[in-house]
1. Look at residue 15 and say whether it is touching a residue at least 24 places away in the same chain (Cβ under 8 Å) and buried (at least 18 other Cβ atoms within 10 Å of the Cβ).
2. Among the residues of region 332-372, write down those that are under 14 Å from residue 428 (Cβ atoms), open to solvent by 50 Å² or more (accessible area, probe 1.4 Å) and modelled with pLDDT of 80 or more.
3. Within region 200-218, track down each residue that is open to solvent by 40 Å² or more (accessible area, probe 1.4 Å) and part of a loop (DSSP other than H, G, I, E, B).
4. Only one residue in 391, 375 is open to solvent by 80 Å² or more (accessible area, probe 1.4 Å) and at pLDDT 85 or above. Which one?
5. Has region 286-302 got any residue that is loosely packed, with under 15 Cβ neighbours inside 10 Å and part of a strand (DSSP E or B)?
6. In this structure, does residue 5 turn out to be part of a helix (DSSP H, G or I) and either open to solvent by less than 30 Å² (accessible area, probe 1.4 Å) or not charged (D, E, K, R) (or both)?
7. Which one of these does residue 329 not meet: (1) closer than 30 Å to residue 296 by Cα; (2) among the hydroxyl-bearing types (Ser, Thr, Tyr); (3) surrounded by 14 or more Cβ atoms within 10 Å (Cβ to Cβ)?
8. Could you look through region 225-247, keep only residues that are closer than 19 Å to residue 187 by Cα and assigned to a loop (DSSP other than H, G, I, E, B), and pick out the one that is least open to solvent (accessible area, probe 1.4 Å)?
Amino acid sequence: MAEALPLINGFEPSATVGWSDGVPVSAARFCAAAVRLAETLPRRRTVLNLCEDRLNFMLGFAAALIAGQVSLLPHSRAPVVVRELCAAYPDSYCLADGGNLLAGPPAFMVPPWTAFAGTADAPQLSYHLDALIAFTSGSTGRPEAHSKTWGSLVSDARSLCSDFGVDRSKLSSAVGTVPPQHVFGLETTVMMPLQNGVAVHSGLPLLPADIVAALTGMPGERWLITTPLHLRACVTDRAMLPRLAGLVCATMPLSVELAKEAERLWGVPVQEFYGSTETGAVAMRRPTYEEGWHARPGMRFSREGSDTWVEGGHLPQALKLADRIELVSDTEFFLLGRSSDMAKVAGKRVSLEALNRELQRVPGVRDGVFYIPEDCPPGEARLAALVVAPDLEPAAILGALRKRIDPTFLPRPLLIVDALPRTAMGKLPREEMLTLAEAAKSADQRSA
């Protein structure tokens, strides 16, 4: 095992890592800027990297590694989240590239790229260096912290390049709709490119027109790394994407119908990855061809009682998965949903995710989610739903659902809202969802 690994790998010194305001930043210049920034960072143990520009995030992350600082990756930039993290990690500061910083926490602004000159070789970093602490989204409760070393990140990144099918003999570039603060975003749009010579778009395009523009402006073999939420928007809009080398999707369940339509529209295989904040990506599949999942090379799964564990690959130790999984072998499985996803109503069990899929298939429903209200007595669960459907009445939605699901699981109440409080990854933090539900009931919005 190597004791040190380079900050970047696979780039010629003059090759482009990314672009700042349309100006290419070479690998040698990126390394020099990271070394220079590391010298000027506040002398703290941890840093909240809130940079919105992906290239700035990469620079800040690299500088923190060189300075021996651990990057905190919050699941949200919401003020309450940032304040809670600063309180939990008092020897920290915020690193940002915008003007919307909170009053209170110490802050440091990433200088413009024009402030950095010169070139340098890639610094070598210890395999065992503590690199980051990532936090879960809180969709099933309070966010949890999970740490990762530089060695595990590099191992993951180099394997992902092969798993994706990136041809390292060709010029390749990546556009991500996934924030770099999210583990999947960091794996695929920061670490994988930096360790495999792939150039990165610095923005975070979310709307179909912006995604098209970002991809069109990228050179070489283009890769789109996205979420089902953004993929669905592109499919609905019939976005005219340029020719793609690959399309990778993760962070929430991807329906077979959506994957098929994307492949039909753009003529590129859709690859889906499965993982979590604590494990990173551990399995993959092409949903249009296979229902089951297969482990990434070098990884294997095992069962202990009702729990499923994964080990090998980039993982330094075996980790327990939060999902319900049906193992076919130690490298193949079917995903049944999260353990917390199951509900028992009137003696019948059901997956909330399965109900969500049926709800979102109702014509006219733009988004929707089933949930269990907080005031349910123990052992007497009932279901409710929040639905974005501006042109439908609640009774019409319930009528459509009655044809799709067991009447036992029909939501009471079903509340029509303007939008769900999804994160940039499409997740729904439970506390924010419940707050929206209470507000909708209090405002006497349309319901049934």
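The values are calculated or read from the model by the stated rules, or taken from the named source; none is laboratory data. The structure displayed is predicted, hence computed values, not measured ones. Cβ coordinates were reconstructed from backbone atoms using ideal geometry, including for glycine residues, and neighbour counts include every protein chain displayed. With ligands, DNA and RNA removed, areas are computed over all heavy atoms of the protein, side chains included. Shrake-Rupley method; radii C 1.70, N 1.55, O 1.52, S 1.80 Å.
1. no
2. Correct list: 353, 360.
3. 201, 204, 206, 207, 217
4. Exactly one residue qualifies, and that residue is 391.
5. Scanning region 286-302 turns up at least one residue that is loosely packed, with under 15 Cβ neighbours inside 10 Å and part of a strand (DSSP E or B).
6. So residue 5 does not fit the description; no.
7. (3)
8. 227
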